[in-house]
1. How many angstrom lie between the Cα centre of the range A:152-224 and the Cα centre of the range B:157-226?
2. Output the 0 to 90 degree angle, nearest 10, between the alpha-carbon long axis of helix A:85-94 and the longest principal axis computed from the alpha carbons of chain A.
3. Could you tell me which of B:GLY314, A:VAL226, B:ALA187 has its Cα farthest along the dipole of the protein assembly as shown towards the positive end, charges placed at Cβ (Lys, Arg +1; Asp, Glu -1), taken about the Cα centre?
4. Based on the Cβ-Cβ distance from A:PHE76 to C:ARG141, what FRET efficiency comes out when R0 is 45 Å, to the nearest 0.05?
5. Given a 10 angstrom Cα cut-off, can you work out which residue in A:LEU218, A:LEU320, A:LEU200 is the most mobile in a GNM of chain A?
6. Skip the ligands, DNA and RNA, and give the accessible area per residue of chain B with a 1.4 Å probe, whole Å².
7. Suppose a student asked you for the relative contact order of chain B, using Cα pairs under 8 Å spaced at least 6 residues apart; what percent would you report?
8. Spelling out what I want: for every residue of the range B:320-329, take phi, set θ = phi - 60°, compute 6.51 cos²θ - 1.76 cosθ + 1.60 (Karplus), and round to whole Hz; glycine and proline get x.
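The values are calculated or read from the model by the stated rules, or taken from the named source; none is laboratory data. The shown structure was predicted, so the numbers you read here are calculated from the model rather than taken from an experiment. As a convention, Cβ positions derive from the backbone with ideal geometry for all residues, glycine included, and neighbour counts pool all protein chains shown. Each accessible area value is taken on the protein alone, full model and side chains, heavy atoms only, with ligands, DNA and RNA left out. Shrake-Rupley method; radii C 1.70, N 1.55, O 1.52, S 1.80 Å.
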Amino acid sequence: MTMRERLSALWRTLAWSWDPRGEREAGEAIVRNLWLHWFPAKVARVSASWSYSAWLGAIAAILFLILNVTGLLLMFFYVPSTEKAYGSMKDLDYAVTLGWLLRNQHRWAAHGMVAVAFLHMARVFFTGAYRGPRALNWLVGLALLLTTLLCSFTGYLLPWDQLALWAVTVGTNIAREAPLAGEFIRYVLLGGTQIGQNALLRFYVLHVFFIPLAIWALFAYHMWRVRKDGGLAAIEPLRLNRQMQPKQMPATKSYSLWGLARGTSAAVRSSTELEESDQVFASPSVTRRLVLVVLVVLNVTILISVFFNAPLEEAANPALTPNPAKAPWYFLWLQELVASTTIPIGSIRISGGLIGGIIVPGVLLAAAALWPWLDRSSPAAEGVWFARERRWQNATFATVLVLIVALIMIGIFVRGPYWRLYWPGTPWPPTPRTL
Amino acid sequence: MEPRQDELERQDFAWMVLASLVFFILVAIAAWRAFDTEYGPLQGRFRQILEQHNQLAAARRFRPGIRQIWNPEIGVVDRCITCHLGYEWGGQLPTDLPQPFAPHPPLPYLDKHPFPQFGCTVCHGGQGWATTASMAHVGGEHWQSPMLSDKLARRLGLTAAQLIQMRCNICHRHDLSTPGMEEINQAKDLVKRKKCLLCHAIEGKGGLVGPELTYFGDKNPELFDFKNVTGAHTVFNWSYQHLMNPDQITPNTTMPTFGFEQAQARALTLLLLSWKRNNFPPQYIPTPVEIAQPPYKLASAVGEPPMVAGAESGRNIFRTRGCAFCHTVGQGRLLGPDLKGVGARRDERWMRQWLADPASVIRAYPEFAHWPDEYDGIVMPNQNLSAEEINALVAYLSKL
Amino acid sequence: MNTTRRWVLSLMGRGAVALAFLIQIGAAARAFLPNVLYEPLKRFKLKRPDQYAEGFTFDPDHRLFVVRNQDNFHAISAVCTHLGCTVQWRETQFACPCHGSRFRPDGIVIGGPAPRPLPWYDVSLSPDGFIEVDTETQVERGFNFTLPKAKA
């Protein structure tokens with residue numbers, strides 16, 4: 001063979017999975033590839049469409065991957081000591097080549113992941129994709145949401161600037177309002193009664209190891225459940241309308257996590273129950289689209305990182321509270337509630353921290369967790385956007401979502417010094433300075 | 001390639017190519033932004049300046065990159081010298097070089113504040129970590145300690161040299177008066193004359209009528225009431241206006257109006273703002289000048305011993321073996337007597353015995369037994385001189 | 001889109017991504033080469049010449065001896081060439097407390113396990129008149145920096 005042919009053959013052996021020739025290769029590309037074998041050999045066309053899922057789950061996962069890579073690199077430069085942390089942040093901005101980009105990417109990807117996780121949850125709700133066997137995955141998704149928020153919160157403290165210190169002060173004081181165990185929870189979280197070196201070190205270890213580990217584990221389970229459930233809920237309407245006879249599934253050959261889940265083998269269901277015309281080969285159709293999504297997410301992250309710097313305020317000063325002191329944006333709605341739900345009953349004042357900080361989000365979380373079992377709509381409402389049958393549920397969810405977003409907006413744009421309302425256009429009183 | 005049977009939109013492919021190109025462009029932009037530094041061209045220019053002024057060795061040795069002065073003892077990380085490359089070239093490069101290349105002005109007290117120990121921001125303020133001019137000088141919205149520039153000083157009605165005294169006094173607070181700090185010296189004098197301590201406690205002494213002022217410079221700006229202050233809401237303005245007219249800034253106050261001139265009120269404001277905590281180790285805090293003067297002359301204050309023709313080696317020994325630290329020649333007594341005219345007072349034999357073993361002379365001759373009493377109880381220690389050294393010294397001393 | 005154009009575009013796309021990743025890997029590698037070091041400088045200023053007495057002055061922070069002979073200065077490393085302990089000046093020789101190496105005043109080994117003489121470092125005057133030692137430039141034994149006449 002000539003050199004060109006040899007190179008071509010070598011390239012073929014490396015790249016055949018991503019560019020399969022023929023149906024046989026397309027199937028094998030998935031099944032024989034460690035990275036790709038999560039996909040079924042064939043996927044319903046609608047599952048991979050933009051209009052169904054907007055690929056939000058994938059975007060959240062990609063952002064998490066970016067966070068892992070940038071985070072690992074940042075670990076070579078950041079020092080989790082109250083004396084050195086701030087200086088190491090300044091060094092990242094000025095003394096490390098491309099340190100600024102690393103830091104900005106990490107910050108914006110983190111905010112992005114929290115936002116996209118919320119949007120993904122909204123999409124799943126609006127398409128009624130949490131029903132039936134998918135209820136367990138809905139709970140796993142809720143757990144992922146909470147761990148994502150916790151990861152972002154623990155990371156928020158690490159720069160050890162005024163923004164970090166006081167945002168975490170507000171956040172941990174909300175946690176303290178939990179009845180009975182609140183004070184203790186705060187004490188364990190901080191490793192003390194105040195936010196100091198112990199808190200910084202604990203938050204650091206949680207942020208770089210334990211919580212990402214938990215997210216990876218939950219993510220793996222989340223994806224496994226998707227396969228176990230037969231794929232995205234978008235296939236359910238197709239199954240209702242199918243003309244093919246469903247194949248009898250053997251009850252065996254099922255992997256489960258500690259035997260908690262039962263059912264049939266994974267990949268078999270959807271591909272034998274759907275029309276051929278409804279399906280595409282995962283490789284290359286879905287894999288190519290995945291690469292596209294990765295590129296677009298990377299592009300957006302880098303674009304924002306190049307033009308917008310991650311904030312870094314003055315060095316943390318426990319003696320000086322900034323005015324106003326705000327929680328991270330994803331907790332601002334909680335802070336709004338906490339600030340306005342202190343209720344006097346007779347001579348007792350029930351703290352807003354309890355009502356707005358623990359009870360309200362607790363109720364929302366419980367409602368979200370129980371929803372799959374409260375939902376009484378028919379299977380026809382599954383896997384479609386804004387199914388008419390579920391319109392009251394969708395309206396409820398949308399209302400809560402809009403309220404939360406509105407509270408966040410108010411917290412960001414309208415609240416000013418002393419937590420007074422400064423409507424857009426009203427300037428804040430100038431911050432006093434020394435010189 | 002064979003046609004795909006179930007391909008998703010072909011548009012995916014086009015978008016992917018586009019996204020790839022955009023990705024490459026963005027990465028290129030980021031890389032360009034990282035490597036196109038503000039200080040790069042400046043450093044190249046400085047190397048040229050070195051060459052133009054014949055500093056070829058230094059120009060050859062010049063290595064581009066971020067430079068910093070790091071002193072963990074006082075928490076200094078100053079990267080100003082990345083651009084301000086001429087700072088240590090005073091005397092060798094012209095002082096009128098354009099900034100940022102101009103050498104540091106040759107101040108008389110610069111030696112007491114060597115650059116490697118103090119850095120730059122201790123005196124000048126600013127954000128030492130930064131490697132761009134705007135972030136180093138002003139530091140952005142969240143940096144509370146801007147560089148004390150001419151522009152900032154003018155805004156406050158001062159010169160930069162006056163404004164910097166505010167930072168000098170953070171360490172020099174306990175000096176009664178310090179050369180080079182005229183405004184602060186004047187303010188300290190005012191504090192004494194106007195008897196501020198009657199009403200205000202400072203460092204544990206004083207009255208309780210007004211607030212304690214020990215660390216006034218550390219007070220949170222938000223704790224001041226700016227209701228009646230004109231102009232910017234700064235502690236400087238508040239203090240200045242309060243000193244000029246206390247009743248206007250804090251109505252119904254007990255503090256009298258002292259009728260200060262504007263310059264006096266500004267000086268006092270500098271003093272007040274200089275009262276800040278610092279955690280410098282003791283070796284960085286100056287011993288107050290008034291207390292530090294020893295009541296006796298030091299050898300460094302006197303000049304070199306005189307030349308004597310033909311007695312070069314003896315004079316050298318006198319300088320380098322320590323004689324000059326205790327004996328002058330014609331400049332008065334230090335520890336031991338002035339040796340002017342010793343050649344006439346003592347003969348060579350006496351000198352040889354004394355230089356070989358001074359204590360033996362004291363013991364042997366009763367007329368010298370009172371000498372230790374006259375010289376603070378000290379007998380000249382045996383210098384362990386060799387025979388040649390004694391010869392050379394005698395040759396020198398006998399000519400004095 | 002015909003095959004050839006598709007192939008070219010595909011190559012462009014993949015090429016762009018590959019190049020971008022190479023740049024990123026290069027940038028990440030570059031990020032790990034520190035631009036600033038929190039270490040004592042290798043070339044540093046000491047005291048002014050007239051603050052040095054005749055003879056051997058030990059500088060513990062920089063682990064070297066500044067030797068003055070009237071207007072001549074040189075600098076000898078105080079790091080034992082055996083295994084790196086700091087040698088002591090004992091009247092007439094350097095002695096290493098760790099394994100007993102001994103060196104003449106000019107650094108030549110006269111006893112003990114040290115394999116090489118103590119190196120001499122370049123001495124010069126900084127632009128603002130301080131004795132400056134460059135531990136990255138070794139000079140020959142016998143090298144001397146003489147103060148310019150104006151300083152003497």
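1. The range A:152-224 and the range B:157-226 have Cα centres separated by 43 Å.
2. 60
3. A:VAL226
4. My answer for the efficiency is 0.60.
5. A:LEU320
6. For chain B, the per-residue accessible area is 55 Å².
7. Details: 469 pairs, mean separation 36.4, N = 400.
Reported relative contact order: 9 percent.
8. So the Karplus estimates, Gly and Pro as x, are 9, 8, x, 4, 5, 7, 10, 10, 9, 10 Hz.
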